[in-house]
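Asker: I have a structure here, written as C-alpha cells, and I will follow up with some questions on it.
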Amino acid sequence: MKIFKDANGRDWALDINLDARNQVKERVKIEIDGQEVPFDLLDVKAAQRIAVIGDMQEAATVGQVLWALCREQAEKANIDERSFYKAIKGDVWDAACDALKKELVDFFPKDRRTLLASAMEKAEQIRAMLIEQSTARLSSGEIETQVKAEMERMLSELSISSQGSSE
C-alpha cells in the first residue's frame, strides 16, 4: 500500500489488488483504435500509459484511476470527486503518480514486478533526459534565435507580397 498527501494535507492510500482493478475497469474508459474500452490496470499498455504520462489524455486517465482507487476513502470522508481533483496539483500530482506507479509494480509477482520496475525506471530516465535537454535548449537562446529568424522570414514575405499587390 502506498500513500500520498493531497494539497489539503489529507492522506490517500493506494492499494492495488483484484478488487481495485475491477473498480478501475468499471469507472475508467479509454479510447483504443477509435473504440471506448475499460481501462485495465493490469494490462501492459495501461501500465505503459501510467509509466509515461506523456500528454493530457494520459494525465486525465491517471486522474480518473486515482479517483477510482480512492473513491471509497473519499466517500467515507464526505469528499466528492470534484473536491478530490481540486486537491491534486503541482507536487501532489508527482507524489500521487509516483505512489501509483510503485503500487502498480508491487501488485505483480516477482518476475513481472522486476520487468515493470525496469521499464518504469527507464521511462523516468528518458523523461528526466528530455526535461534536461529542453531546459538546456531554452536557456541556450537557440529557440529564441529560431523564432526571430522565422518572424523575419514571415515579415519579409509579407513585405514582398504587399509590394506586389500595390503595383
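Asker: Roughly how tilted is helix 91-107, in degrees to the nearest 10 and between 0 and 90, from the longest Cα axis of the chain?
Answerer: Roughly 50 degrees between the two axes.
Asker: Which of the residue pairs Lys5/Lys101; Lys5/Lys89; Lys5/Lys25; Lys89/Lys122; Lys76/Lys102; Lys29/Lys89 have a Cα-Cα distance greater than 20 Å in the structure shown?
Answerer: Result: Lys5/Lys25; Lys89/Lys122; Lys76/Lys102; Lys29/Lys89 exceed 20 Å.
Asker: Fully extended, how many nm does the chain gain between Leu130 and Lys148 (0.36 nm per residue separation, minus their Cα-Cα distance)? Before the final figure, lay out the partial values.
Answerer: Values: separation 18, 0.36 × 18 = 6.48 nm, distance 2.39 nm.
Extra length from Leu130 to Lys148 when fully extended: 4.1 nm.
Asker: Something else about it: Tell me the mean residue ellipticity at 222 nm calculated for the chain from its helices only (DSSP H runs of n ≥ 4, each -39500 (n - 2.57), averaged over every residue, nearest 500).
Answerer: Working: 7 runs with 119 residues, N = 167.
So the helix-based figure for the chain works out to -24000 deg cm²/dmol.
Asker: Compute the acute angle (0 to 90°) between the alpha-carbon long axis of helix 110-140 and the principal axis of greatest extent of the alpha-carbon atoms of the chain; round to the nearest 10°.
Answerer: It works out to around 30 degrees.
Asker: Peptides 9-18, 149-158: what's the order by average Cβ count within 10 Å, highest mean first?
Answerer: Numbers: 9-18: 14.9, 149-158: 10.0.
In decreasing order of mean packing, 9-18, 149-158 become 9-18, 149-158.
Asker: Order of 29-42, 98-111, 60-73 by packing, highest average Cβ count within 10 Å first?
Answerer: 60-73, 98-111, 29-42
Quick note: the coordinates plus some simple rules give every number you see, no bench work behind them. Quick caveat, the model's predicted, so the values are computed rather than measured. In this analysis, Cβ positions are derived from the backbone assuming ideal geometry, glycine residues included, and neighbour counts consider all displayed protein chains.
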